[in-house]
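The next block holds one structure in the form of structure tokens; read it before the comments.
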Amino acid sequence: MAKYTSDKATRLFYAAKTRSLGATKNTIRILHGGIIAEDLEYRDDSLVKIKKGYRSWIRKSENRAVTNAALDISVNYFGFNPLNPEVSLRNINFNKVILVLVNLGYGNCVPELNKLVEVMISLKEMEELDTCASCKRPYIVPVTNDTHCPRCRSLTMNSAITRYSKETINYEEPTAAVKLTVVDNDEEGVE
């Protein structure tokens, strides 16, 4: 009789890939479940205690950018629900989220996988979480207190760069212009 079913073997394979990215046993438990986390073998040096808490970690602008990108990718492409994060993280393949982040140029977030998962888990009690004013997507508010998510900010910046990098700027008068009439009170015969 086989020790593992094909489903469990697949889940163990994905958990082993997550572990190779630097995930701790607790992160594997969150992403893949407690039974899978217990079935994996860990080396003694991989069981190093990592300081809990993400508040000081997320203050750095590059970590905030990585978290916003991971949140955007998880919500919009993988169906992550910030209101029910633990169940939602188990239903998505977080390895693919990390792969998309690496392909986008956020390769430095891989050692911080544990912090990234910790932030994603605690999104519902996070004070910095808000929804974008234009696209209504969740995002982590930057230090500058912008009301738009990084995606909308980059779209407006790209359109502005495109518009103002041309040699001539097309400007059209508004079609519904208001006509002003000047009334002259100094007419003849009026005293």
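Key figures for this structure:
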read-out	value
Extreme residue, surrounded by the fewest Cβ atoms within 10 Å (Cβ to Cβ), among residues of the stretch 132-150 that are touching a Phe, Trp or Tyr at 6+ places or on another chain (Cβ under 8 Å) and modelled with pLDDT of 75 or more	132
In the stretch 97-109, the residues that are under 14 Å from the mean Cα position of the chain (by Cα) and either in contact (Cβ under 8 Å) with a residue 12 or more places away in the chain or surrounded by 18 or more Cβ atoms within 10 Å (Cβ to Cβ) (or both)	97, 98, 100, 101, 104, 106, 109
Filter result for residue 79 (out of contact with any strand residue (DSSP E or B) (no Cβ under 6 Å at 6 or more places or on another chain), modelled with pLDDT under 75 and at positive phi)	no
Answer from 127, 173, 112 - the residue that is closer than 30 Å to residue 28 by Cβ, among the acidic types (Asp, Glu), exposed (fewer than 14 other Cβ atoms within 10 Å of the Cβ) and at pLDDT below 80	127
Residues being of a type in the set (Phe, Trp, Tyr), within 29 Å of the chain's Cα centre (by Cα) and loosely packed, with under 15 Cβ neighbours inside 10 Å - total across the stretch 1-39	1
Checklist (1) polar (S, T, N, Q); (2) part of a helix (DSSP H, G or I); (3) at pLDDT 80 or above applied to residue 46, failing item	(3)
When residues of the stretch 52-91 are limited to those that are touching an Asp or Glu at 6+ places or on another chain (Cβ under 8 Å) and part of a helix (DSSP H, G or I), the one nearest to residue 137 (Cα to Cα)	66
Test: residue 159 is at pLDDT 70 or above and among the polar types (S, T, N, Q)	no
Boolean, residue 122 is more than 17 Å from residue 20 (Cβ to Cβ), among the hydroxyl-bearing types (Ser, Thr, Tyr) and touching a Phe, Trp or Tyr at 6+ places or on another chain (Cβ under 6 Å)	no
Selection from the stretch 53-95 of residues that are within 21 Å of residue 149 (Cβ to Cβ), of a type in the set (Val, Ile, Thr) and free of Cβ contacts under 8 Å to residues at least 12 places away in the same chain	none
Neighbours by Cβ (under 8 Å, 6+ apart or cross-chain): first from the stretch 15-40, under 15 Å from residue 116 (Cβ atoms); second at pLDDT 80 or above and not in a helix (DSSP H, G or I)	31/23
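The values are calculated or read from the model by the stated rules, or taken from the named source; none is laboratory data. Keep in mind that this is a model prediction, so the values were computed, not measured. In this analysis, Cβ positions are derived from the backbone assuming ideal geometry, glycine residues included, and neighbour counts consider all displayed protein chains.
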